[in-house]
Amino acid sequence: MANRNKLYFGLGVFALVLMVVLLISVMGHYERSKRGEREQTYRDRFAQLEEQIAAETLDALERLPMMYKERVQPFDSVARSKIREITGRRAVFGVEPSLLFASMIFDDDFDWDTTPLFFVEVKRNKEWLGVENIDSRASLGQIRNSQKLMAGLNEARDNSQKGLVSVADNEVFRLFGESHQAQQRFADLLLFVPPSPDQLRSETPDFQDWHLVDELATTGHDPAKAKKLKDAFKALKKSWTARDNEAIVAAVGEMKGAMTEMGAKLLPSDDDVALEIKFNQVKPFNYASWLFFATAVFGLFSLAFSMRALRGLALGVGTLGFALMGWGFYVRTSLGFGVSITNLYESMVAVAALGMLVAVVVDFFRGSAWTTTFAGLGSFVVLQVVDLNSVKFSDGIGGTIAVLANNIWVHIHVPIVMLAYACYFIAFLMAIVGLPWVLAADRKGSSPDLKGLLKSSAISINIGTAFMFAGLILGGIWAYDSWGRFWGWDPKETWALILFLFYMVVVHGRFTKWLNPFWTFWMLFLGGNVLLWTYYGTNELLSGLHSYANSAGEAGFWDNFVHERNRWFVWSTIIMGVISLGSLAWYVATGGAATGAPEKVADRNDGVVEPG
């Protein structure tokens, strides 16, 4: 009977997943077709441009180095970053980002005033601009001519002084900033002139002190070299307008040659440029997310149908996804500023990658698929969130360096803490399934499947707590090395300690046989709230050395807490709190442990107390 129920469950899950996938596919096809009809004019225009600019020509332009966001990088990377920031998508109108960006810089005869390029997400701003939901993009003309948006800009400036800038305000700032850059043909971004020898010999040499071509006369470079670069840049603009492919390639070569003469040591090598362009084309983190989704599906089916082949497939696909992400981190680290976990985007990506690493190792040695299934689901969700939200999570390599990022401890402390967070997140996802399972079907935790879920969740928190302890100690050493004190009760430090102590209670309760299946899953579900407050709440709501709350203006904790930019966080906290209290009330009202206490048997393999 049990095997038959598992078979029915597996078939039901398969049918549900298939229906969801088909529904999403149909909706996506409908939306793309509608948008495609409205954008056909622009698609035709850029298709004609693609025919005029040869692939070899575009490849040469993409490899041209320039300074952007504190790092010398190829034109291809700059184009991809700017197009994603402007449009909210990796590509629009079916054209390569580098081709579109180059056209926006050099083509004056295009009707940019009516071309819908600027991503608009907030409903209020869409109404002010007259943008329909199916488009979600405005043109230069709509932004420049909207009186309501201009009034909104003044209101946003007032809110900024108070430290209470809303999501809508931030979007207004972004729209005006990006539209101004586009109107100026991104002239302030075209930093092709390396620092002069005099600048590099100064007391505080700044390798980021690059210049525009129009500023060459004041940079202190050799006049002959300066003239060579300036003439080459003029030739590039002229040849692009004429669609002269040979002249474009020649101008790019002249520019690169002049830049090399001015500062060869400051330019990336050809191998580094090729590696970065390959990274841009492969998009490893995006493709890894879908591999993790497949891992979750294979793992779920292996549990439902008890098929070892599917479990092996889940482990293999999960390993492939982690390897792809490992290559991506290697590229970002080698091209950027050391360890690639220095901002919110990279930390979330690290949580996804490290969670899968732990899951694959655990399930490989345990012969299970529970950890892999939930890690695959969690990693997929995390990577899709950061990939789709280009405004909140900028994925450019380099950018603003984290405070003290040149310190050795950031390369050790941060990855260790991220691994602990990943383990706790996996345990929370397991609790989402385990808590209702225990309440509704198996208070004693006697079924083999529930035992497996309990053991997997216990191993996850054991690993996470060990790494969290190491992270606390190493963080203290880093603080002593940087600030002269091991511990300062900063909000982030305090909540990291709270998180560690919370899970120590869970680990201790399991080992000492205090926690039955219900209390284990209940604590792990509640731990999701503690983790959320530690990871996000302390950064956005509590002012301190590690956080951003009240970094400007007069807003305090309550102002930040009720502010609409944190609404998702507040509602998540409330919902998880209500579920925790509701499940506890249900447990008590239905007899609690009196419905059948689990037997307590120590597992010899990992020391985790499992219900028998």
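Looking at A420, A466, which is the one that is closer than 25 Å to L344 by Cα, in a helix (DSSP H, G or I) and under 24 Å from the mean Cα position of the chain (by Cα)?
Just a single option satisfies the conditions, and that option is A420.
Just wondering, is there one or more residues in the stretch 64-76 that are closer than 27 Å to N170 by Cα, modelled with pLDDT under 95 and of a type in the set (A, V, I, L, M, F, W, C)?
Within the stretch 64-76, one or more residues are closer than 27 Å to N170 by Cα, modelled with pLDDT under 95 and of a type in the set (A, V, I, L, M, F, W, C).
Does F173 count as buried (at least 17 other Cβ atoms within 10 Å of the Cβ) and not β-branched (V, I, T)? Quick ask: steps written out before the conclusion?
On the way: buried (at least 17 other Cβ atoms within 10 Å of the Cβ): no; not β-branched (V, I, T): yes.
No.
What number goes with the only condition from (1) in a helix (DSSP H, G or I); (2) at pLDDT below 90; (3) under 37 Å from the mean Cα position of the chain (by Cα) that K237 does not pass?
Every listed condition holds for K237 apart from (2).
Give the number of residues within the stretch 569-587 that are loosely packed, with under 11 Cβ neighbours inside 10 Å and either in contact with a Gly (Cβ under 7 Å, 6 or more places away or on another chain) or at pLDDT below 90 (or both).
The qualifying residues number 1.
Sort out which residues of the stretch 107-157 are of a type in the set (A, V, I, L, M, F, W, C) and in a helix (DSSP H, G or I), and write them in order of number.
W112, W128, L129, L140, I143, L149, M150, A151, L153, A156
Looking at L313, L354, L320, L344, can you tell me which residue is open to solvent by 50 Å² or more (accessible area, probe 1.4 Å) and closer than 25 Å to Y536 by Cα?
L344
Name the residues in the stretch 76-92 that are of a type outside the set (D, E, K, R) and surrounded by 21 or more Cβ atoms within 10 Å (Cβ to Cβ), would you?
The answer is S77, V78, A79, S81, I83, I86, T87, V92.
Pull up the stretch 476-504, narrow it to residues that are touching a Leu at 6+ places or on another chain (Cβ under 9 Å) and aliphatic (A, V, I, L, M), then point me to the one that is surrounded by the fewest Cβ atoms within 10 Å (Cβ to Cβ).
L497
Mind listing whichever residues of the stretch 281-308 are open to solvent by 20 Å² or more (accessible area, probe 1.4 Å), at pLDDT 90 or above, part of a helix (DSSP H, G or I) and farther than 14 Å from A375 by Cβ?
Q281, V282, N286, Y287, W290, listed by residue number.
The values are calculated or read from the model by the stated rules, or taken from the named source; none is laboratory data. Source: prediction; values computed, not measured. Here the Cβ is made from the backbone with ideal geometry for all residues, glycine too, and neighbour counts use every protein chain on show. The area values use the complete protein model at the heavy-atom level, side chains included, leaving out ligands, DNA and RNA. Shrake-Rupley method; radii C 1.70, N 1.55, O 1.52, S 1.80 Å.
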